[in-house]
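The values are calculated or read from the model by the stated rules, or taken from the named source; none is laboratory data. Model, not experiment: these values are computed from the prediction. Neighbour counts run over all protein chains shown; Cβ positions are idealised from the backbone, glycine included. Just the protein is used for accessible areas: all its heavy atoms, side chains included, with ligands, DNA and RNA removed. Shrake-Rupley method; radii C 1.70, N 1.55, O 1.52, S 1.80 Å.
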Amino acid sequence: MWKTIKTGYTIAWNQPFVVCTLFIYNLLWGLALYELIRSIVSPLLHRYPQELSREAVHLFWIEAQFQIMKTDLIHSYAWWGLCLLLARMLLTPLLNAGVYYSLEHTEMNAGYRFVQGMRELALPFFGLYVLQMLLTLSPLYWLIPKAIELYRTNATLADVAKDVLMYLAGYLAYVFLLQTVFMYLQFGRTGGKSHLSSLLLLVRNVIPVILTAIFILLVTLIISALVMTSAMIWTGFLALLGYQMYRLVHTFCKMWAITAQYALWSAHSD
């Protein structure tokens with residue numbers, strides 16, 4: 001397992017074009033979301049009362065709720081949010097196609113193989129992505145009513161949280177396994193292997209697959225905790241610079257999580 005993790009780290013380190021592309025994509029996506037949220041919140045906050053009396057603040061929240069629920073103020077923002085969501089759903093499989101193709105065809109130029117992967121694998125990766133999203137969201141049809149029922153039947157919020165967290169933990173484990181399964185299906189599609197052989201390889205090596213993913217996840221969480229702690233201690237420009245560097249490191253860790261699994265898949269697929 002350690003050899004696989006080290007090999008994956010080396011592969012990720014040798015993919016600077018992919019890492020930088022994903023970093024820029026996530027940065028632009030974050031800015032788009034920020035502008036959308038700011039355009040909604042800022043007009044409402046302009047009317048926030050200068051005198052922080054209880055009655056004035058209460059009246060402000062009533063007015064804000066009325067504008068959101070009883071007028072068409074939110075309609076345009078909802079459409080923009082839907083457009084952003086659809087754009088992300090279209091771009092995600094395209095970027096995945098470029099990433100996985102770049103891992104398989106290291107003999108090509110970095111930028112060329114990324115674009116070539118988007119051209120060759122866009123449709124099959126889009127189909128896999130749609131299937132993954134359907135399987136990911138389908139349990140929510142049952143979980144959301146269950147959470148509402150727990151909220152109504154439990155006496156305290158502590159009881160609600162205890163029951164909801166149990167279901168949430170199970171759902172997150174399900175999503176993790178689903179992501180891993182589709183990761184190996186995409187490895188197989190890129191390498192010319194059948195879906196069945198990719199699934200069989202995953203089943204035969206399920207323990208090292210899970211341990212590898214958990215190790216890299218722990219590393220990512222430790223780095224995140226260190227960055228958040230340092231941001232509380234050192235404020236200002238240094239904190240801002242450190243946070244932006246963290247976003248790049250976080251993108252590298254996400255790439256490392258893929259390349260480590262790719263190293264394991266490559267070692268057992270020959």
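Counting only lysines at least 8 places from Lys162 when in the same chain, those with an alpha carbon closer than 27 Å to its own are Lys146.
Using 18 Å as the cut-off for backbone N distance, which residues of segment 119-149 belong to the label zone defined by a point 7 Å from the Cα of His195 along Cα→Cβ? Flagged as within label range: 121-138.
Going by accessible surface with a 1.4 Å probe and the largest first, Leu90, Leu140 read Leu90, Leu140.
Calculated FRET efficiency, Leu218 and Leu140, Cβ-Cβ r, R0 45 Å, to nearest 0.05? Calculated value: 0.95.
Residues Ile62, Ile258, Ile5, Ile233 ordered from highest to lowest accessible area at a 1.4 Å probe: Ile233, Ile62, Ile258, Ile5.
Using a probe of 1.4 Å, the accessible surface attributed to Val203 totals some 100 Å² when neighbouring protein chains are kept in position.
Largest accessible area first, the listed residues Glu107, Glu120 line up as Glu107, Glu120 when surface is computed with a 1.4 Å probe on the assembled protein chains. Computed extension length for Phe17-Glu149: 42.7 nm, one decimal, from 0.36 nm per residue of separation with the Cα-Cα distance subtracted.
Computed with a 1.4 Å probe on the full set of protein chains, the accessible area for Lys146 sits at about 50 Å². Computed from label points 7 Å out along Cα-Cβ, the spacing between His268 and His250 is 3.1 nm. The accessible area of His250, taken with all protein chains in place and a 1.4 Å probe, comes to roughly 50 Å². Each label was represented as a point 7 Å from its Cα along the Cα-to-Cβ direction; for Tyr243 and Leu27 these points are 1.5 nm apart.
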